[in-house]
Amino acid sequence: MIEKFLEPDVLAKFGIILSLLVMSGFFSGSETALTAASRARIHAQAKAGNARAIIVAKLLESRERLIGALLLGNNLVNILATSLMAGVMLELFGAVGTIYATALMTLLVLIFAEVLPKTYAITNPDKAAISVARVVNFIVWIFAPIVSVIQALVNAALRAFGVRTDTSWTASDEIRGAVDLHHSEGLVAKDERDQLLGVLTIGDLTVEDVMIHRKNLTLVDADLPQSEIVKQVLASGHTRIPLWRKNKDNVIGILHTKDILMALSRVDGDFTKVNFKEITRTPWFVPETTSVVTQMRLFQQKREHFALTVDEYGALLGVVTLEDILEEIVGDIKDEFDDSFEGVKPQKDGSVIVDGDVPIRDLNRARDWSLPDDDAVTVAGLVIHESQTIPDIGRVFSFHGYRFEVLKRVRNQITSLKIRKL
């Protein structure tokens, strides 16, 4: 038996089988490396002038052709190696040699052509992808005609079953998913994740999503005595205060505290000598549907930080400031005049007492939740939208994996809720 193993033709066949297994390992490892390689890091190396990285970037632009060529080559060498091994074993052991060949090739292919190269490739994807770039590029070029035919047949078969081969994922979705994944693995801190996601999602927001609602605004009647106007402005804690006349939708100007102080300094603090018409600034009105990104650019162009938001009928809805927009990216910006109370009170049982006017995005960011904000801006608005009613005190609802209990209500406004994640 040993003499048969040492025969030149048998040894030659074993040598061919070994070579085919090495080729199979190359195909398997290359497939794993190129599919697992970071497109961002490869792009950075390509931009830096790395010739092999440029090849990898081009290969990744057409993944279907790349994977098709590698799978074609891998299957060819595996089938050929298995056929040769079966022939050798039949020659050496007779009919039972088929069983030996199957067991031996399964073990060899599994260890040396699949697990070993793929384990290395998955632990060093970028390095492995760059090292095999030239060879794989040549293989893809050689197999291109066959792969094109195969891919056409595959797409036709998938379409016959109603399966779409295109994807609706965008670069933003991919980055957002990567950020969430790294945060869940502890590699990205929560604050960093919130800021990165804030940059990605700010393009989807409108002024209505970030504005301060008129209910929470400080508005001053322009017909009040001058001393009273100054007192209310200074007591508000805000730098810019809208002035109204006859009704609060009729905003006639914006008072800036710096302008008041400068005017008072010129008249030695005598309120009666201040001409408020001269120091009142012209109000700037913007539609509620204005994109946040557009509004931020307008703030930069006009060198303004403050605008009044109106609806399609011209009714005052609220105020948007540059700070409101920046907070969508960096989180809350507090100064010495801001109230530290956020309207969110965690409870010992894991629930949270939330003011009804707390924005959903702020609550999600504070509690790391995922309440939807597509159809409502505030927490109270979400409950009203989902329940299709203005619920009474004590009503309990379950939406989107959260339990909502109405604690307080003033007329038609929900002012306090208790929320617990189910």
Which one is farthest from THR123 (Cα to Cα) among residues in the range 23-43 that are hydrophobic (A, V, I, L, M, F, W, C) and surrounded by 14 or more Cβ atoms within 10 Å (Cβ to Cβ)?
MET23
One residue is enough: does the range 397-411 have a residue meeting the conditions assigned to a helix (DSSP H, G or I), buried (at least 19 other Cβ atoms within 10 Å of the Cβ) and outside the structural domain of HIS183 (by TED's automatic domain parsing)?
no
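Quickly run through the range 45-54 and pick out the residues that are surrounded by 13 or more Cβ atoms within 10 Å (Cβ to Cβ) and either assigned to a helix (DSSP H, G or I) or not assigned by TED's automatic domain parsing to the domain that holds ILE122 (or both).
From the range 45-54, those surrounded by 13 or more Cβ atoms within 10 Å (Cβ to Cβ) are 45-46, 50, 52-54; that's our starting set.
Once the filter is applied, which keeps residues that are surrounded by 13 or more Cβ atoms within 10 Å (Cβ to Cβ) and either assigned to a helix (DSSP H, G or I) or not assigned by TED's automatic domain parsing to the domain that holds ILE122 (or both), the range 45-54 yields GLN45, ALA46, ARG52, ALA53, ILE54.
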In the range 80-96, is there at least one residue being of a type in the set (Phe, Trp, Tyr) and modelled with pLDDT under 90?
yes
Restricting the range 373-398 to residues that are modelled with pLDDT of 90 or more and in contact with a Leu (Cβ under 8 Å, 6 or more places away or on another chain), which is farthest from THR201 (Cα to Cα)?
ILE393
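Checking the structure you have, find out if any residue of the range 103-119 is within 32 Å of the chain's Cα centre (by Cα) and in a helix (DSSP H, G or I). Give the steps one after another, and end with the answer.
Initial filter on the range 103-119 (within 32 Å of the chain's Cα centre (by Cα)): 118-119.
Still in the running and in a helix (DSSP H, G or I): 118-119.
Within the range 103-119, one or more residues are within 32 Å of the chain's Cα centre (by Cα) and in a helix (DSSP H, G or I).
Only one of these is surrounded by 13 or more Cβ atoms within 10 Å (Cβ to Cβ) and within 41 Å of the chain's Cα centre (by Cα): GLU288, GLU312. Name it. Reasoning before the result, please.
Numbers: GLU312 fails: surrounded by 13 or more Cβ atoms within 10 Å (Cβ to Cβ).
The unique qualifying residue is GLU288.
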Just one of (1) surrounded by 15 or more Cβ atoms within 10 Å (Cβ to Cβ); (2) touching a residue at least 40 places away in the same chain (Cβ under 8 Å) trips up THR82, so point out which.
(2)
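The values are calculated or read from the model by the stated rules, or taken from the named source; none is laboratory data. Nothing here was measured: the structure is a model prediction, and the numbers come from that model. Because the Cβ atoms are built from the backbone with ideal geometry, glycine has one as well, and the counts that use them run over all protein chains shown.
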